[in-house]
Number of protein chains: 2
Amino acid sequence: MIAFSLLATDGSARRGTLQLTHGSVQTPAFMPVGTAASVKGLTPADVRSAGTQILLANTYHLWLRPGLETIEAAGGLHRFMAWDAPILTDSGGFQVFSLQERRTLDPDGVTFKSHLDGSMHRFTPENTVAFQEAIGSDIAMQLDVCVKLPATYEELAASVSMTTAWAQRCRAAQRSPDTALFAIVQGGLDESLRMRSVRELVALDFPGYAIGGLSVGETREEMERTARLTAAALPQSKPRYIMGIGTVRDIIAAVDCGIDMFDCVYPTRCGRNARAMTHSGEFNIRNAAYVRDFSPVDPQCSCTVCTTYTRAYLCHLFRAGEMLGSQLLSYHNVALLHDVMAQARAAIEGGNWATWRDAALAAISS
Amino acid sequence: MIAFSLLATDGSARRGTLQLTHGSVQTPAFMPVGTAASVKGLTPADVRSAGTQILLANTYHLWLRPGLETIEAAGGLHRFMAWDAPILTDSGGFQVFSLQERRTLDPDGVTFKSHLDGSMHRFTPENTVAFQEAIGSDIAMQLDVCVKLPATYEELAASVSMTTAWAQRCRAAQRSPDTALFAIVQGGLDESLRMRSVRELVALDFPGYAIGGLSVGETREEMERTARLTAAALPQSKPRYIMGIGTVRDIIAAVDCGIDMFDCVYPTRCGRNARAMTHSGEFNIRNAAYVRDFSPVDPQCSCTVCTTYTRAYLCHLFRAGEMLGSQLLSYHNVALLHDVMAQARAAIEGGNWATWRDAALAAISS
């Protein structure tokens with residue numbers, strides 16, 4: 001059901017292959033987000049041709065709409081959305097905890113009000129695993145307890161304890177050999193709590209580990225320090241996934257910390273907002289500077305958008321309110337991140353990670 | 001620059017080939033509308049793979065944004081929007097006359113206020129031809145004078161006279177052998193005025209004729225009667241184009257009148273509004289009936305949307321507010337109209353037009 005091979009390392013950076021039910025993934029890998037069974041603005045064929053090996057979908061959203069019955073009747077999430085490569089599903093923990101006063105936590109699970117129609121729902125470790133297995137996820141995430149930062153030590157400690165307890169229950173609830181279950185390390189920015197969370201979860205022997213509870217209000221330096229020490233404490237032989245990371249800079253930093261997988265809505269959200277991501281930084285393609293700029297979005301990118309269209313055409317599409325602008329720029333931004341990952345993989349394999357990393361970071365800062 | 005061959009006729013219905021600068025078009029042909037150099041929601045590659053042979057763009061919109069300088073600097077409209085097949089451009093007459101109190105007509109041309117920023121602009125027969133030639137249209141339309149129905153005989157007669165005068169000036173203003181110029185027959189629902197308009201324009205010997213001033217408030221019966229008598233009066237050897245027609249029923253009726261070309265925003269506008277067009281009628285794919293309907297949008301359609309996705313998935317996309325729903329349904333609707341046209345062409349070639357027409361019309365009415 002899952003096998004991870006570490007092919008090369010360079011410093012802390014890792015180059016691996018992850019074998020999953022619906023195919024293999026070369027790591028480090030970026031996972032575009034298809035929240036509600038659609039990567040916004042892109043067909044599954046687009047998502048694939050942009051270089052995507054695995055995408056992410058959200059249990060919270062799919063649970064509410066279209067719901068389990070529909071996805072099961074469709075023959076699973078892959079068939080429902082016409083995507084035949086691997087899918088990782090988030091457990092819904094992060095979304096539910098973002099609901100704030102619309103949810104109540106108890107030791108057995110969490111009860112929440114749908115943001116769509118106010119209907120009441122309940123997530124438990126068991127039913128979120130069952131849901132993810134039923135829809136056919138390649139990788140399911142445990143239900144975890146997220147805490148918004150800043151938080152007290154007691155709040156963070158409680159979230160670590162409950163996350164461990166729920167991890168154990170998720171493990172026990174597993175029924176399908178086709179879905180791999182990843183645990184989620186919590187502990188906020190507290191080093192001792194992160195180490196405790198790692199110890200407790202590693203003792204339960206999961207096939208992969210995520211670093212949760214980051215990108216929730218802390219500084220970049222705090223995030224990177226915590227990601228680095230957490231990654232270093234995780235087993236070498238298991239894939240590591242940091243949740244909610246999606247800028248070129250943050251992904252390069254995460255790879256440098258020894259992390260293998262990343263997801264974020266960032267490239268598609270930017271794409272819908274005229275924000276172009278490139279190997280030499282970001283810019284708003286609506287700006288007057290691009291009205292008659294007939295160069296590609298990123299001259300260093302070989303994606304179909306960069307080889308077919310100009311900045312001037314995309315600038316026009318955004319100014320004219322044409323949805324094709326969002327479609328094309330979302331495609332490019334996803335392809336760009338995959339290209340960054342491909343370069344990172346080559347650099348680690350070639351033993352020149354630090355050189356590549358420094359050049360790539362310098363290029364986006366200049 | 002343009003050649004039209006009539007390959008077969010069956011009753012009044014015609015099967016032809018139109019040779020243009022950027023390629024040939026099998027007629028009867030439907031032209032999707034790319035108002036502002038984009039067929040909404042579709043990449044040029046999508047537009048092509050859906051079966052499009054020629055698309056329409058609007059002088060009024062392109063004139064205002066991105067403007068002539070940008071399109072010329074891009075190397076023409078084809079290169080600007082990455083579309084290498086034929087393009088027909090409307091002269092802007094229809095859009096300008098829709099502006100009502102924002103425009104002033106005089107014998108030399110029409111002065112109007114941009115709907116975007118209130119800036120003043122002026123169209124003349126000469127400058128609209130120059131614009132369309134400069135951007136590289138395969139077919140340019142003359143600047144004409146449209147009248148909203150109902151209208152008095154005097155208003156209609158004046159519009160016919162001025163349209164003829166402007167047609168003559170457009171003809172004299174032509175400079176490029178790569179752009180074919182079509183005249184536009186006016187005259188509202190008045191038979192004698194339509195005949196006068198045809199006589200005057202045919203005397204000027206254009207390579208093609210459009211029937212304008214319909215789809216502007218009259219009944220379907222009035223439209224069809226006027227289209228039929230106008231088409232019958234036009235020369236057999238020249239292509240005939242009726243403007244603003246885009247439902248399956250209206251297109252079949254127009255082919256039956258002996259018309260060869262049609263354009264409308266209808267299939268893409270429907271696509272954005274969850275309205276599915278099929279060989280057996282239209283339906284709203286958001287409806288509860290489709291939540292777990294795992295059949296294709298149209299089981300008789302072989303487009304990539306129908307062979308890849310289900311009604312249930314599209315229903316979900318629209319309910320979840322995912323833009324992919326608009327993209328996929330726009331694609332299907334365009335492909336569906338092209339499929340209707342392909343069937344119509346085959347029926348005319350095969351000499352069974354009336355049988356096919358009656359069956360096709362019965363299928364969408366049942």
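The values are calculated or read from the model by the stated rules, or taken from the named source; none is laboratory data. Owing to the predicted nature of the structure, the values given are computational and were not obtained by experimental measurement. Using ideal geometry, Cβ is built from the backbone for each residue, glycine included, and neighbour counts are taken over all protein chains shown. The accessibility values were calculated without ligands, DNA or RNA, using every heavy atom of the protein model including side chains. Shrake-Rupley method; radii C 1.70, N 1.55, O 1.52, S 1.80 Å.
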Identify the single condition in (1) facing chain A (nearest Cβ under 10 Å); (2) open to solvent by 30 Å² or more (accessible area, probe 1.4 Å); (3) touching a Leu at 6+ places or on another chain (Cβ under 9 Å) that B:Ser5 does not satisfy, given that it satisfies every other one.
-> (1)
Wholly enclosed strands (runs of 3 or more DSSP E) of region B:134-217 bearing at least 1 residues touching a Pro at 6+ places or on another chain (Cβ under 6 Å) | B:180-185, B:208-211
Residue among A:Ala274, A:Ala289 that is among the small types (Gly, Ala, Ser), crowded, with 17+ Cβ neighbours inside 10 Å and farther than 24 Å from A:Trp356 by Cα | A:Ala274
The residue from B:Leu181, B:Leu143, B:Leu156, B:Leu204 that alone is at pLDDT 95 or above, more than 19 Å from the chain's Cα centre (by Cα) and open to solvent by less than 30 Å² (accessible area, probe 1.4 Å) is B:Leu156
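Here's the yes/no breakdown for (1) charged (D, E, K, R); (2) within 14 Å of another protein chain (Cβ to nearest Cβ); (3) under 21 Å from the mean Cα position of the chain (by Cα):
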{"residue": "B:Asp293", "(1), (2), (3)": "yes, yes, no"}
{"residue": "B:Thr310", "(1), (2), (3)": "no, yes, no"}
{"residue": "B:Leu324", "(1), (2), (3)": "no, yes, no"}
{"residue": "B:His332", "(1), (2), (3)": "no, yes, yes"}
{"residue": "B:Ala347", "(1), (2), (3)": "no, no, no"}
{"residue": "B:Gly350", "(1), (2), (3)": "no, no, no"}
Members of region B:213-255 found to be of a type in the set (Gly, Ala, Ser) and in contact with a helix residue (DSSP H, G or I) (Cβ under 7 Å, 6 or more places away or on another chain), listed by number | B:Ser215, B:Ala227, B:Ala233, B:Gly246, B:Ala253, B:Ala254
How many residues of region A:42-57 are surrounded by fewer than 19 Cβ atoms within 10 Å (Cβ to Cβ) and more than 13 Å from chain B (Cβ to nearest Cβ)? The answer is 1
So is B:Ala167 modelled with pLDDT under 95 and either farther than 21 Å from B:Leu189 by Cβ or open to solvent by less than 60 Å² (accessible area, probe 1.4 Å) (or both) or not?
-> no
Pairs returned, first residue in region B:162-179 that is over 12 Å from B:Pro107 (Cα atoms), second residue that is of a type outside the set (Asp, Glu) and part of a helix (DSSP H, G or I), beta-carbon separation under 7 angstrom, 6 or more apart or interchain, are B:Ala167/B:Leu201; B:Cys170/B:Pro125; B:Cys170/B:Val129; B:Ala173/B:Pro125; B:Ala173/B:Val129; B:Ala173/B:Ala130; B:Gln174/B:Val129; B:Thr179/B:Gln132
Taking region B:296-338, which residues are in contact with a His (Cβ under 8 Å, 6 or more places away or on another chain) and closer than 21 Å to B:Ala363 by Cα?
-> B:Val297, B:Asp298, B:Gln300, B:Cys301, B:Cys303, B:Cys306, B:Leu336
Looking only at region A:106-121, and only at residues there that are out of contact with any His (no Cβ under 8 Å at 6 or more places or on another chain), open to solvent by less than 70 Å² (accessible area, probe 1.4 Å) and part of a strand (DSSP E or B), the one that is farthest from the other protein chains (Cβ to nearest Cβ) | A:Asp106
In region B:252-261, is there at least one residue being surrounded by fewer than 24 Cβ atoms within 10 Å (Cβ to Cβ) and in contact with a Cys (Cβ under 9 Å, 6 or more places away or on another chain)?
-> no
Going through (1) more than 19 Å from the chain's Cα centre (by Cα); (2) closer than 23 Å to A:Ala227 by Cβ; (3) surrounded by fewer than 23 Cβ atoms within 10 Å (Cβ to Cβ) one by one, A:Lys148 fails only at (1)
Pick out the one residue from A:Val305, A:Val340, A:Val297 that is under 22 Å from A:Ile54 (Cβ atoms), within 14 Å of chain B (Cβ to nearest Cβ) and among the aliphatic types (A, V, I, L, M).
-> A:Val305
Of the conditions (1) farther than 30 Å from B:Gly321 by Cβ; (2) within 18 Å of the chain's Cα centre (by Cα), the single one that B:Leu234 does not satisfy is (2)
Evaluate region A:307-328: report whether one residue or more is over 30 Å from B:Leu116 (Cα atoms) and not in a helix (DSSP H, G or I).
-> no
State the number of residues belonging to region A:118-140 that are in contact (Cβ under 8 Å) with a residue 40 or more places away in the chain, charged (D, E, K, R) and out of contact with any helix residue (DSSP H, G or I) (no Cβ under 7 Å at 6 or more places or on another chain).
-> 2
Kindly establish whether A:Gly92 is more than 23 Å from B:Leu314 (Cα to Cα) and either surrounded by 23 or more Cβ atoms within 10 Å (Cβ to Cβ) or touching a residue at least 24 places away in the same chain (Cβ under 8 Å) (or both).
-> yes
Of the conditions (1) away from chain B (no Cβ under 14 Å); (2) touching a His at 6+ places or on another chain (Cβ under 8 Å), the single one that A:Ala37 does not satisfy is (1)
Output yes when any residue across region B:267-283 is farther than 30 Å from A:Thr35 by Cα, modelled with pLDDT of 95 or more, part of a loop (DSSP other than H, G, I, E, B) and in contact with a strand residue (DSSP E or B) (Cβ under 8 Å, 6 or more places away or on another chain), and no when none is.
-> no
Filter result for B:Arg102 (at pLDDT below 95 and either under 27 Å from A:Cys306 (Cα atoms) or touching a strand residue (DSSP E or B) at 6+ places or on another chain (Cβ under 7 Å) (or both)) = yes
Of the candidates A:Gly217, A:Gly212, A:Gly187, the one satisfying the condition of being at positive phi and buried (at least 24 other Cβ atoms within 10 Å of the Cβ) is A:Gly187
Filter region A:325-366 for residues that are among the β-branched types (Val, Ile, Thr) and open to solvent by less than 40 Å² (accessible area, probe 1.4 Å) and give the result.
-> A:Val334, A:Val340, A:Ile348, A:Ile364
Could you say whether any residue in region B:301-322 is open to solvent by 60 Å² or more (accessible area, probe 1.4 Å), in contact with an Asp or Glu (Cβ under 9 Å, 6 or more places away or on another chain) and either under 21 Å from A:Ala36 (Cα atoms) or of a type in the set (Asp, Glu) (or both)?
-> no
Sort out which residues of region B:58-75 are within 12 Å of chain A (Cβ to nearest Cβ), open to solvent by less than 50 Å² (accessible area, probe 1.4 Å) and either at positive phi or not polar (S, T, N, Q) (or both), and write them in order of number.
-> B:Leu62, B:Leu64, B:Pro66, B:Gly67, B:Ile71, B:Ala74, B:Gly75
